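Undergrad: Sharing a structure here in structure tokens format.
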Amino acid sequence: MLDLVDVRAGYGLSAVLHGVSLEARAGEVVSLLGRNGAGKSTTLKAVVNLVEITGGAVRFDGQDITRRPTHEISRLGIGWVPEDRRIFSDLTVEENLRVGAKAGDHRHGTEWSTDRVYHFFPRLGEMARRRAGSLSGGEQQMLTVARTLMGNPRLLLLDEPSEGLAPVVVKALGEQILALKREGLTILLSEQNLKFAARMADRAYIIEKGQIRFEGPMGRLLADESVRRAYLTV
């Protein structure tokens with residue numbers, strides 16, 4: 001579904017990605033792991049053209065989407081959940097969801113609605129009329145994921161979803177991501193938390209200094225202590 005081929009990208013004169021190649025197949029969860037500053041978030045931003053791409057190609061469903069406008073990429077069925085959430089604090093939970101809503105492609109399954117979102121995230125249904133700015137960090141993260149789902153993506157990009165959340169909230173978020181996986185949604189997950197990513201990811205990539213240093217099944221990464229120590233241990 002998603003292919004990055006030798007992607008080079010950065011911010012102005014600062015190059016961050018130095019030839020990143022990875023893929024996400026339909027229906028799987030792929031985790032992009034690495035330390036802070038390794039290039040995880042930049043990789044996800046390159047998919048939706050939010051950084052300057054200086055080389056390589058990004059393909060979605062066989063289409064070259066490199067440097068296409070971000071709103072066009074979104075309409076193709078890619079949803080991005082940013083690390084900093086970017087909720088509308090003065091709007092209610094339900095208003096935030098409606099802001100993210102757009103018609104889906106009926107060929108690819110059931111459309112997301114507020115009722116369906118509340119089924120997956122019951123806590124949001126209980127707080128539908130509350131201002132989003134009054135929610136806890138974990139609740140805001142759930143809202144950000146739910147708002148993105150309202151855009152009916154076929155590929156979901158999750159950027160550091162467990163960052164700064166309490167362990168009990170991280171566990172609940174993981175269960176919700178697993179439920180989305182069972183629905184057949186393809187997910188590319190950027191994470192530092194290996195334990196969290198290992199619960200749901202089929203395959204893993206490790207990025208270090210803007211280059212992919214490991215790729216393979218999650219089970220192989222969990223069995224290889226030397227790789228984990230070299231690229232993931234702080």
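Values quoted throughout were computed directly from the atomic coordinates according to the rules given, and no laboratory measurement underlies them. What you see is a predicted model; the values in this text were computed from it and never measured. Cβ placement follows ideal geometry from the backbone for every residue including glycine, while neighbour counts extend to all protein chains displayed.
Undergrad: Could you calculate the contour length gain from D115 to E163, that is, 0.36 nm times the residue separation minus the distance between their Cα atoms, to one decimal place in nm?
TA: 14.5 nm
Undergrad: Sort H71, H18 by Cβ crowding within 10 Å, fewest neighbours at the top.
TA: Listed from fewest to most nearby Cβ atoms, that is H71, H18.
Undergrad: How big is the antiparallel share of DSSP beta bridges in the chain, given as a percent to the nearest 5?
TA: 55 percent
Undergrad: Length gain on complete extension for the stretch L222 to E23, per 0.36 nm per residue less the alpha carbon to alpha carbon distance?
TA: 69.7 nm
Undergrad: So, one more: Find the centroid of the Cα atoms in segment 178-211 and in segment 121-137, then give the distance between the two in whole Å.
TA: Here the answer is 26 Å between Cα centres.
Undergrad: Once all Cα-Cα distances of segment 24-127 are split into 5 Å bins that start at 0, what whole-number percent is in each one?
TA: Computed distribution, short to long bins: 2, 9, 16, 20, 20, 17, 12, 4, 1, 0.
Undergrad: Could you work out the equivalent-ellipsoid semi-axes for the chain, taking the square root of 5 times each eigenvalue of the Cα gyration tensor, largest first, in whole Å? Before the final figure, lay out each step's value.
TA: Details: eigenvalues 151, 86, 56 Å².
So the three semi-axes of the chain are 27, 21, 17 Å.
Undergrad: Full extension from A128 to L13: what is 0.36 nm times the residue separation minus their Cα-Cα distance, to one decimal in nm?
TA: Stretched out fully, the A128 to L13 stretch lengthens by 37.0 nm.
Undergrad: Relative contact order for segment 96-192 using alpha-carbon pairs under 8 Å, separation at least 6, rounded to a whole percent?
TA: Rounded, it is 34 percent for segment 96-192.
Undergrad: Under 15 Å from a point 7 Å along the Cα-to-Cβ line of T70: which residues of segment 133-148 have their amide N that close?
TA: 148
Undergrad: Please list 137-145, 214-222, 1-9 highest first by mean number of surrounding beta-carbon atoms within 10 Å per residue.
TA: Details: 137-145: 21.6, 214-222: 16.1, 1-9: 19.6.
Taking the mean over residues of other Cβ atoms within 10 Å, the ranking is 137-145, 1-9, 214-222.
Undergrad: If each DSSP helix of 4+ residues adds -39,500 (n - 2.57) and the sum is divided by the residues in the chain, what number results at 222 nm, nearest 500 deg cm²/dmol?
TA: Taken over the chain, the calculation gives -9500 deg cm²/dmol.
Undergrad: Within the chain, how many lysine pairs that are 8 or more places apart, or on different chains, have C-alpha atoms less than 19 Å apart?
TA: Value for the chain: 6.
Undergrad: Another question, if that's okay. Relative to the Cα centre, what is the charge dipole magnitude of segment 2-231, using +1 at the beta carbon of each Lys and Arg, -1 at the beta carbon of each Asp and Glu, and rounding to the nearest 20 debye?
TA: The dipole of segment 2-231 has a size of about 140 debye.
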